[in-house]
Amino acid sequence: MPKRSKRKTFILSFPEVVGILREEVVLLASLSAEALLHERTGLSAGGILAPALIALHLGEARFLLEFSILTAFAYLSAGLISLLVPLYGRRALYASVLAGALARVLAAQVLQAPGYHGLLLSVAPGILAHQMRVQGVLLTLSATASATAFAYCAGVLL
C-alpha cells in the first residue's frame with residue numbers, strides 16, 4: 001500500500017468552489033436588492049447583511065429563531081434606552097447594534113452554545129432593529145423579505 005503524502009493541497013473541489021461562490025453571489029444579490037429597493041421605494045432592508053444571512057440560512061429553523069430573538073431584543077432594548085437617553089442618528093444605530101451584540105454574547109453564555117457566524121450575527125440584528133425603529137416594523141420586514149427572496153433565488157440558481 002503506497003504511503004499518502006501529508007502535504008496539504010490548495011486545490012478546491014467543485015462543491016467547495018460552488019459553496020464559496022454561492023455565499024458571494026447571495027451577498028452581491030442582497031446588495032443589489034438593497035440598492036434597488038432604496039432607489040425605487042426609499043426603504044432599507046436592514047443593510048446588506050441581514051437579507052444575505054437570512055437567505056443563506058433559510059432552511060435552518062434554529063438560526064432563524066435566534067436571529068429573530070436577537071433582533072427583537074435589540075429593538076426593545078434600544079426603545080428602553082431611548083426613554084433614558086435621547087437617541088437619534090448614529091447614537092440610535094450604535095445603541096441598537098450594541099444591544100444586539102450584547103444579546104448574542106449573553107445568549108451564547110447562558111445557553112452554552114457556540115454562536116453562529118460570530119461578528120455577523122452580532123451586528124446584523126442590531127442594524128435590522130435600527131431600521132425597524134426608523135422606518136417602522138412592517139415596512140422594514142417587508143423590504144427585508146423582498147431582498148431575502150431575491151438573494152435566496154440568486155443563490156439557488158447557482
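Computed from the coordinates by the stated procedures, all read-outs in this text should not be read as laboratory data. From a predicted model like this one, the values you see are computed outputs, not experimental measurements. Cβ atoms come from the backbone with ideal geometry, glycine included; neighbour counts cover every protein chain shown.
Put one equal scatterer on each alpha carbon of the stretch 49-156, apply the Debye formula with no solvent term, and list log10 I(q)/I(0) at q = 0.13 1/Å to two decimals.
Log-scaled intensity ratios, in q order: -0.46.
Hey, how many Å between the Cα centroid of the stretch 25-48 and the Cα centroid of the stretch 83-114?
If you average the Cα positions of each part, the centres end up 24 Å apart.
Multiplying the sequence separation of L65 and L157 by 0.36 nm and subtracting their Cα-Cα distance, what value in nm do you get? Walk me through the numbers on the way to the answer.
Details: separation 92, 0.36 × 92 = 33.12 nm, distance 2.56 nm.
Using 0.36 nm per residue and subtracting the Cα-Cα distance, I get 30.6 nm.
Step through the residues of the stretch 89-106 one at a time and calculate ³J(HN,Hα) from phi using the Karplus curve (6.51 cos²θ - 1.76 cosθ + 1.60, θ = phi - 60°), rounding each to whole Hz and writing x for Gly and Pro.
My calculation for the stretch 89-106 gives x, 5, 4, 5, 5, 4, 4, 5, 5, 5, 5, x, 5, 5, 4, 5, 5, 5 Hz in order.
Spin-label point model (7 Å from Cα, Cβ direction): what's the L138 to E39 distance in nm?
Going from the L138 label point to the E39 one covers 2.8 nm.
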